[in-house]
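Remarks on the structure that follows.
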Amino acid sequence: MKLSTKIIIALIAGGITGLFINIFAPGIFPQLDQFIFTPLGKIFLNLINMLVVPIVFFSITLGTAGLGDPKKLGRIGIKTISYFLITTSIAIIIGLSLAAILQPGNVGEFDITNVEYESKEAPPVSDTLLNIIPTNPVKAFAEGNMLQIIAFSVFVGFALTMLGNKTKGILNLIEQGNDLMMYLVNLVMKFAPYGTFGLIVSAVGSQGLDAIKAMGLYMIVVVLALIVHAILTYGTSVAVFAKKSPLWFFKGFAPAMGVAFSTSSSNATLPISMSTAQKNLKVPESISSFVQPLGATINMDGTAIMQGVATIFIAQVFNVDLTFTQLITVVLTAVLASVGTAGVPGVGLIMLAMVLNSVNLPVEGIALIIGIDRLLDMTRTAVNITGDAACAVIVAETEEKREGLKVNS
């Protein structure tokens, strides 16, 4: 049986098990969760997280060195960041539009008298951009600061290219380190179905039907927007710019989407998403190694969709009519926030607080959605990493065409 099939079976079985326990035996769920389901998921997450920092360093260093030409590196960087910014803007517009049409905040009764939520302040975008260059690379590695690790790796890869044969031994060592990490990824993935099962049972079992019923339409709007964005934005861009079948793309990337759904973390899924893109989608290692780690850090289309839907939902619950100017402000703030809050824990809710503040909506409204955010976080993470893979496929295809034109000319 293929690994992707096992993961899908684990997802379905985990969801059914979680609902079954929640409905028929809620009293024993805490004990089962503490001693069986959470440990299963935690072990899997720890195994993946163990590999993230070394994989990002090895892969981006090799990717930068493999690109060779600094002009090519700059060109790929511009393509990648442009794609991320454009798709994030499209994502939040889709979220805003569907929420305005379906109006989830005007359906049902929501108790806002006891709503309390303490918002955390996110760093300004300028601080994030200034702090990309690490003053202490060792500290960046220890803290898992992805933007700083990426920046340091790009510098090392660039230096290896410029020094050529002088540093061939170091380049060989990094190549061997990358091979070692990829072997460990394949080893860890054998545990993926069990870890996925534990994570899904824990997430669904702890929420149950009550939370899902109360926020049903809100959840439907978010999931619908995510599906529309994945099919229309990613499917169309892959078909138009990469000249590839969207079905081929989604089928090939499905195993990584399954893992992202269960882990709710783009960074944690990075080793699997890179391996899947390289093997199934035939993305060259040098491009995959540059585009996907950067996307896992700053590309948050799924989160942007949640912010769009949540903003309209909270405005409807509190009977606030947003003007067209305020809606434009929401789009711009969300796109900037996707860069400004990169690497911050609980990034989705921090970004949402920034967006709500920008249009004077009460951040306390986040308390209404926080109960089912864990379930939606799984879905939007799967969309986030799919956007990274779509970008990698498009960049790889356009670069291949460019190289072909050069050879022919």
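Just so it is clear, none of the values below were taken in a lab; they were calculated from the coordinates. As the structure is a computational prediction, the values presented were derived from the model and not from experiment. When we count neighbours, we look across all protein chains shown, and the Cβ atoms used for this are built from the backbone with ideal geometry, even at glycine.
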Quiz item: Where does the chain land at 222 nm, in deg cm²/dmol rounded to the nearest 500, when only DSSP H runs of n ≥ 4 count, each adding -39500 (n - 2.57), divided by all residues?
Solution: -26000 deg cm²/dmol
Quiz item: Using Cα pairs under 8 angstrom and six or more residues apart, how large is the relative contact order of the range 3-408, in percent?
Solution: 33
Practice problem: Take each of the peptides 59-66, 1-8, average the number of other beta-carbon atoms within 10 Å over its residues, and list them starting from the highest. | Solution: 59-66, 1-8
Quiz item: Per the Kirkwood treatment, what hydrodynamic radius in Å, one decimal, follows for the range 129-267 from the mean inverse distance over all distinct Cα pairs?
Solution: 19.5
Exercise. Go through Thr61, Thr297, Val309 and say which Cα lies farthest out towards the positive end of the charge dipole of the chain; charges sit on Cβ, +1 for Lys and Arg, -1 for Asp and Glu.
Key: Thr61
Quiz prompt | Ranked packing of 83-90, 312-319, 388-395, most packed first, by mean Cβ within 10 Å | solution = 388-395, 312-319, 83-90
Self-check item: Selection from Ile385, Val395, Leu375, by position along the positive dipole direction of the range 357-399 (Cβ)
Solution: Leu375
Self-check item: Derived scalar couplings ³J(HN,Hα) [the range 195-201; Karplus, 6.51 cos²θ - 1.76 cosθ + 1.60; whole Hz; x for Gly, Pro]
Solution: x, 4, 4, x, 5, 6, 4
Quiz item: Roughly speaking, what % of Cα-Cα pairs in the chain are separated by over 40 Å, rounded to a whole number?
Solution: 16
Quiz prompt | Residue among Ala353, Phe155, Tyr234 farthest towards the positive dipole end of the chain, charges placed on Cβ | solution = Phe155
Practice problem: Would you work out the charge dipole size for the chain about its Cα centre, treating the Cβ of every Lys and Arg as +1 and the Cβ of every Asp and Glu as -1, and quote it to the nearest 20 debye? | Solution: 1580
Exercise. Beyond 30 Å between alpha-carbons counts as too far, so tell me which of Lys72/Lys243; Lys168/Lys251; Lys6/Lys244; Lys2/Lys79 fall in that bin.
Key: Lys168/Lys251; Lys2/Lys79
Practice problem: Give the order of Phe37, Phe191 when sorted by the count of other beta carbons within 10 angstrom, beginning with the fewest. | Solution: Phe191, Phe37
Practice problem: Work through the residues other than Gly157 whose Cβ is under 13 Å from its Cβ and net out their charges, Lys, Arg +1 and Asp, Glu -1. | Solution: -2
